[in-house]
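The values are calculated or read from the model by the stated rules, or taken from the named source; none is laboratory data. This one's a predicted model, so the numbers in the text were calculated from it and none came from an experiment. Cβ coordinates were reconstructed from backbone atoms using ideal geometry, including for glycine residues, and neighbour counts include every protein chain displayed. Note: accessible area is taken over every heavy atom of the protein model, side chains too, but ligands, DNA and RNA are not part of it. Shrake-Rupley method; radii C 1.70, N 1.55, O 1.52, S 1.80 Å.
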Amino acid sequence: MSTSQFKETPHIKPNGAEIAETILLPGDPLRAKFIAETYLENPVQFNEVRGMLGYTGTYKGKKISVMGTGMGVPSIGIYSWELINVFGVKNLIRIGSAGALQDNLNLYDIVFGIGASTNSNYASQFNLPGQYAVTASYELLEKAKKTADAQGQKVHIGNILTSDTFYNADKSAASKWKDMGVLCIEMEAAALYLNAAQAGVNALCILTISDHIFRAEETTSEERQTSFTKMMEIALELA
């Protein structure tokens with residue numbers, strides 16, 4: 001049994017419950033609750049601090065955890081750092097929603113973020129003598145693609161944007177990222193990838209398109225919470 005269960009941080013207090021080495025990280029804690037109740041056998045709640053619900057159970061006989069991370073780089077930066085460096089998590093899979101930039105992306109399409117461009121300054125803390133190329137773990141990416149193929153799920157793989165701004169005062173920003181071939185915009189992956197890279201563990205961001213930046217198309221909050229099951233079922237196979 002992992003000794004990590006006897007540790008705690010200001011943000012994660014397992015109270016004796018175990019946190020698995022592989023964890024799914026939706027932004028919405030209610031999505032974490034939905035996954036635990038829908039897919040996991042014998043789920044045990046390991047966190048409720050600040051309403052950021054976390055659960056550990058088994059999926060097809062393998063131990064796996066799921067926990068919400070909130071919105072934005074600072075929030076996932078805290079949770080992923082603690083999960084990696086305090087609780088010993090080795091595989092972190094963000095499962096989130098994103099706004100499409102490219103014309104060939106539609107609602108409910110699945111995107112794997114092979115790289116995460118960003119307007120965040122999160123990487124500055126590492127004092128690197130240049131710009132770091134923020135990328136996913138190839139190990140997880142390859143496994144996720146094979147899983148999607150086996151499930152008959154079409155996925156888009158490419159560069160995504162982690163943005164600090166949801167309401168951007170620069171109205172031309174999205175078009176500039178689109179012109180560079182960036183697939184979609186979300187708000188967390190770059191921080192997750194950076195924390196994982198520094199610690200030598202695996203991270204991957206799997207996204208479902210919830211709206212389109214250049215077309216009047218969007219899903220509801222309820223649909224985002226419970227209807228992104230294809231993405232969830234790919235991620236669960238990575239345990």
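At a glance:
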| quantity | calculated |
| --- | --- |
| Cut-off 11 Å, label 7 Å out along Cα→Cβ of Thr229, residues of the stretch 22-51 by amide N | 38-39 |
| Over 23 Å (Cα to Cα) - which of Lys90/Lys146; Lys62/Lys143; Lys143/Lys178; Lys90/Lys154; Lys62/Lys145 fall in this group | Lys143/Lys178; Lys90/Lys154 |
| Residue among Ala150, Ala203, Ala116 with the largest mean-square fluctuation in a Gaussian network model of the chain, springs linking Cα atoms under 10 Å | Ala150 |
| Helix-only [θ]222 nm of the chain, DSSP H runs n ≥ 4, -39500 (n - 2.57) each, per residue, nearest 500 | -8500 deg cm²/dmol |
| Relative contact order, percent, the stretch 143-239 [alpha-carbon distance under 8 Å, six or more residues apart] | 30 |
| Debye log10 I(q)/I(0) for the stretch 114-164, one point scatterer per Cα, at q = 0.15, 0.21, 0.26, 0.30 Å⁻¹ | -0.54, -0.82, -1.01, -1.16 |
| Å² of accessible area per residue within the stretch 1-114, as computed with a 1.4 Å probe and no ligands counted | 41 |
| Among Leu24, Leu53, Leu92, residue whose mean-square fluctuation peaks in a GNM of the chain (springs only between Cα atoms under 10 Å) | Leu53 |
| Relative contact order (percent, whole number), the chain, Cα cutoff 8 Å, 6+ residue spacing | 25 |
| Gyration tensor verdict on the stretch 123-239 (Cα atoms; rounded if a/c is under 1.5, prolate if a/b is larger than b/c, oblate otherwise) | oblate |
| Listed values (1) 34, 20, 16; (2) 30, 18, 16; (3) 27, 20, 16, entry calculated as semi-axes √(5λ) of the Cα gyration tensor in Å | (3) |
